[in-house]
1. Of the residues in the range 127-149, how many are among the hydrophobic types (A, V, I, L, M, F, W, C) and crowded, with 23+ Cβ neighbours inside 10 Å?
2. Could you tell me whether Q35 is surrounded by fewer than 16 Cβ atoms within 10 Å (Cβ to Cβ), farther than 30 Å from I129 by Cα and in contact with a Gly (Cβ under 7 Å, 6 or more places away or on another chain)?
3. With among the basic types (K, R), in the same structural domain as V176 (by TED's automatic domain parsing) and part of a strand (DSSP E or B) as the only criterion, which of R133, R138 stands out?
4. Where in the range 227-300 are the strands (runs of 3 or more DSSP E), entirely inside, with at least 3 residues that are crowded, with 22+ Cβ neighbours inside 10 Å and charged (D, E, K, R)?
5. Go through D272, D263 for me and flag whichever is touching a Lys or Arg at 6+ places or on another chain (Cβ under 6 Å) and within 21 Å of S117 (Cα to Cα).
6. Going by the structure shown, is E48 within 22 Å of the chain's Cα centre (by Cα) and touching a residue at least 24 places away in the same chain (Cβ under 8 Å)?
7. Between I292, I300, I268, which is without any contact (Cβ under 8 Å) to a residue 60 or more places away in the chain and closer than 29 Å to S229 by Cα?
8. Within the range 156-176, restricting attention to residues that are modelled with pLDDT under 90, surrounded by fewer than 22 Cβ atoms within 10 Å (Cβ to Cβ) and of a type outside the set (D, E, K, R), which residue is nearest to V115 (Cα to Cα)?
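The values are calculated or read from the model by the stated rules, or taken from the named source; none is laboratory data. Since the structure is predicted, the reported quantities are computational estimates derived from the model, not experimental observations. Glycine gets a Cβ as well: all are built from the backbone with ideal geometry, and neighbour counts include every protein chain shown.
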Amino acid sequence: MGRVNELRLIARVAQMYHVEGKRQSEIGEVMRMSQATVSRMLKRAEEESIVRTTVIPPAGTFAELETALRDRYGLTEAIVIDCTEDRDGAIMARIGEAAAHFLEVTLQQGEVIGVSSWSQTLLRMVDNIHPFRNAKARHVVQILGGMGDASVQTHATELTARLAKLTGGEPRLLLVQGITSSREAKLVMLADPVVRGTMDLFGRLTLAIIGIGAVEPSELLARSGNVFSKQEMALLHEAGAVGEISFRFYDREGNPVQTPLNDRVIGITLEDLRKANRVIALAGGQAKTDAIRGALKLGIIDVLVTDRFTAARLAD
């Protein structure tokens with residue numbers, strides 16, 4: 001009976017604390033015991049399963065899918081957003097909202113942020129970020145060449161500049177083409193000290209925020225002029241490419257695809273991304289599912305923000 005009596009008292013203390021809302025000091029005063037004893041009893045209440053913690057996910061969240069993605073792909077965090085339809089426009093908007101909130105909560109002082117410049121989903125994220133009261137970032141770095149057709153050129157520079165203003169960081173633009181006409185042309189552009197200064201920051205990123213693309217370019221990217229020819233795209237398909245991150249292509253098993261086209265890209269490499277302290281990827285949609293799956297297998301993504309339809313396909 002001694003143990004029963006002990007557990008009965010522990011249960012009473014737990015009831016006063018968890019159900020009646022009394023502070024530990026109040027319980028000690030009522031029960032004539034020290035606060036240290038109350039604290040020990042509350043700990044015992046958990047050890048004896050008298051008190052059990054239950055997390056009930058709120059409506060509109062998908063804890064099981066998020067757990068499945070974390071476990072399957074070794075992610076630090078997975079954020080699965082609700083969406084009424086499997087349609088790119090709606091998906092991009094909701095992913096952008098969720099990513100903005102996550103960034104606002106987790107951004108650290110003095111961050112060096114690398115950001116993809118031709119992602120519509122990232123632009124939706126920037127649209128939803130509230131200005132930080134105190135400066136947080138040190139630099140916001142454009143990690144892929146942003147020059148292109150004048151009708152869409154402002155997209156790349158605007159995304160980087162706006163994120164820098166919102167986070168209090170210094171914008172470091174990469175004002176060259178993402179894809180050059182030749183390896184020789186790339187070498188000429190890399191000789192520019194301003195370009196080199198921006199690219200030198202690639203290896204110092206504390207946070208990279210990236211989009212994930214299929215081999216076929218998005219409408220925005222196609223309009224920018226930063227695309228390969230149909231023959232070059234066919235070469236990538238033949239090499240097994242299923243997706244790209246800043247024009248660095250990989251296959252469905254997460255192996256980088258090496259072709260001569262790499263020599264014409266001015267942007268961050270997968271190796272530099274791997275060095276970043278944290279990589280957040282924003283992507284969703286049926287057309288990108290294979291690309292996202294391959295990107296997750298690269299082992300460089302820490303946080304994925306996606307929609308529930310894509311998450312279900314990735315977890316299957």
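1. Of the residues in the range 127-149, 5 are among the hydrophobic types (A, V, I, L, M, F, W, C) and crowded, with 23+ Cβ neighbours inside 10 Å.
2. yes
3. So the residue among R133, R138 that is among the basic types (K, R), in the same structural domain as V176 (by TED's automatic domain parsing) and part of a strand (DSSP E or B) is R138.
4. By residue number, no strands (runs of 3 or more DSSP E) qualify.
5. D263 is the lone residue from the list that is touching a Lys or Arg at 6+ places or on another chain (Cβ under 6 Å) and within 21 Å of S117 (Cα to Cα).
6. For E48, the condition - within 22 Å of the chain's Cα centre (by Cα) and touching a residue at least 24 places away in the same chain (Cβ under 8 Å) - is not met.
7. I300
8. Across the range 156-176, the extreme among qualifying residues is T157.
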